[in-house]
1. Sort through Arg33, Arg12 and tell me the only one that's farther than 20 Å from Leu254 by Cα and part of a helix (DSSP H, G or I).
2. Can you confirm whether the stretch 324-347 contains a residue that is outside the structural domain of Gln159 (by TED's automatic domain parsing), loosely packed, with under 13 Cβ neighbours inside 10 Å and within 30 Å of Thr186 (Cβ to Cβ)?
3. All but one of (1) of a type outside the set (S, T, N, Q); (2) within 16 Å of the ligand (Cβ to nearest atom); (3) modelled with pLDDT of 95 or more hold for Tyr183; which doesn't?
4. Mind listing just one residue for me: the one in the stretch 177-189 that is open to solvent by 30 Å² or more (accessible area, probe 1.4 Å) and touching an Asp or Glu at 6+ places or on another chain (Cβ under 9 Å) and, of those, farthest from Phe7 (Cα to Cα)?
5. Which is open to solvent by less than 10 Å² (accessible area, probe 1.4 Å), outside any helix (DSSP H, G or I), in contact with a Cys (Cβ under 9 Å, 6 or more places away or on another chain) and in contact (Cβ under 8 Å) with a residue 12 or more places away in the chain, of Leu41, Leu56?
6. Any residue at all in the stretch 365-376 that's at pLDDT 95 or above and open to solvent by 80 Å² or more (accessible area, probe 1.4 Å)?
7. Out of Gly174, Gly140, Gly193, Gly163, I need the residue that is within 16 Å of the ligand (Cβ to nearest atom), modelled with pLDDT of 95 or more, surrounded by fewer than 24 Cβ atoms within 10 Å (Cβ to Cβ) and within 26 Å of Ser291 (Cα to Cα). Which one?
8. Looking at (1) buried (at least 23 other Cβ atoms within 10 Å of the Cβ); (2) more than 18 Å from Pro141 (Cα to Cα), can you tell me which one Asn199 breaks?
Amino acid sequence: MPGFEFFGEEERKEVNDVLNSGVLMRYGFDNARSDWKALELEKLLAQKMEVKHAHLVSSGTAALSVALIAAGIGSGDEVIMPTFTFVATFEAILSVGAIPILVNIDETLGLDPDAVAEAITKKTKAIMPVHMCGSMSNLGPLKKLCKKHKLKLIEDACQAIGGSYKNKPLGSIGDIGCFSFDYVKTITCGEGGAIVTNNPKYYTNAEYFSDHGHDHIGKDRGADKHPFIGYNFRISELHAAVGVAQIQKLDSFLATQKKYFTIIENALKTIPQVTFREIPKGGEQNYSFISFFLPNKSVTKKVHAALGTAGIDASFYWFDNNWHYHRKWRHFKHLKTLSYYSNAIYNQLPNYDKIDFSDSDKIMSRTISCLIKLSWTEEEVKLRAEKMVAVIKENL
Ligand SMILES: *Cc1c(COP(=O)(O)O)cnc(C)c1O
């Protein structure tokens, strides 16, 4: 997955353009600058994602917060999210005063639409599917639920850039899509993120909000109006410059990932006890991870440990992971915060100690995901696939 593996002359050239002009900020200083890297990357991203608008921000987490705010989601509103994601999802929801409603996943490793339907209340304002490890939840039924209940669909596509559903890029399917360009994502800016949307109102909201409410009309920042209160989630030109180079490598990254994924998948398919993550009909993943199921929890734990011992790096057992699965999110479930949050959060957060997520646990406890690295050679991938098959067979 990580774009940092292929980092070179192209990135250096783009960054040097910015250093040579000396303007590190994306707004203002029009006379001093020769480059608008953030604008360039936004244009490239909007094209790639087949949307009208793309807006860069300082991180994927910022993108999630900005997306929620742009769509008018705030204090006391409920936002449905999966039990399997990065902590940033609930952090962003809490950051706007909204209530994260955790819902079970299915074998797509994303939100289970039936569980989502059960979780919808009068307070629900949005569904936030997370396209973990390069593939998607069942977006068709989720979209239908949004339409029926007048909810916003906000896609966390931070880990799935380049994947698609029914020929539409992931991130472009909901009302707003969010991407991360942090250092370990498929393409990176070092740090950075983006929202994409076809809704001009959400775009304008996001654009103003992430720069203190500046309306960016005219060329004098000091004379800008502030139609509403904002915040600072700006990206710098240096970071955007890295992204300009990286996005032009995305297609070749995806092709390499697909090739290596397929070699490993074909090898694992020879083991009848191994099954694979479900890809929704019409979906194409970005192949940044290969995720598979083993028959039960104890075998899966054993295989995961044995893969590590055999030198198969970058394999993940999310069930025991501190950052990506609900079981270890005690700080969230018990609201361990540095300061007092808004009352709505204390009053409305479900008592997660009492909620049964065994449907998720049954799936996650049998799941292993392996990162697909761009820097491998084909020979290395073949050897790796053989080794994985041997390790799994020994531990079944
Ligand atoms: C990385 C990630 C984020 C947050 O992105 P940052 O740029 O690191 O803030 C959010 N959601 C998911 C699913 C991620 O993987």
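The values are calculated or read from the model by the stated rules, or taken from the named source; none is laboratory data. It should be emphasised that the depicted structure is a prediction, and the values quoted were computed from it without experimental measurement. Positions of Cβ are generated from backbone atoms using ideal geometry, with glycine treated the same way; all protein chains shown enter the neighbour counts. Keep in mind that these areas ignore ligands, DNA and RNA; they rest on the heavy atoms of the full protein, side chains included. Shrake-Rupley method; radii C 1.70, N 1.55, O 1.52, S 1.80 Å.
1. Arg12 is the lone residue from the list that is farther than 20 Å from Leu254 by Cα and part of a helix (DSSP H, G or I).
2. Scanning the stretch 324-347, I find at least one residue that is outside the structural domain of Gln159 (by TED's automatic domain parsing), loosely packed, with under 13 Cβ neighbours inside 10 Å and within 30 Å of Thr186 (Cβ to Cβ), so the answer is yes.
3. (3) is the only condition that Tyr183 fails.
4. The residue in question is Asp182.
5. Leu56
6. No, because not a single residue in the stretch 365-376 is at pLDDT 95 or above and open to solvent by 80 Å² or more (accessible area, probe 1.4 Å).
7. On the way: Gly174 fails: surrounded by fewer than 24 Cβ atoms within 10 Å (Cβ to Cβ); Gly140 fails: within 16 Å of the ligand (Cβ to nearest atom); Gly193 fails: surrounded by fewer than 24 Cβ atoms within 10 Å (Cβ to Cβ).
It is Gly163.
8. Only one criterion is unmet by Asn199, namely (1).
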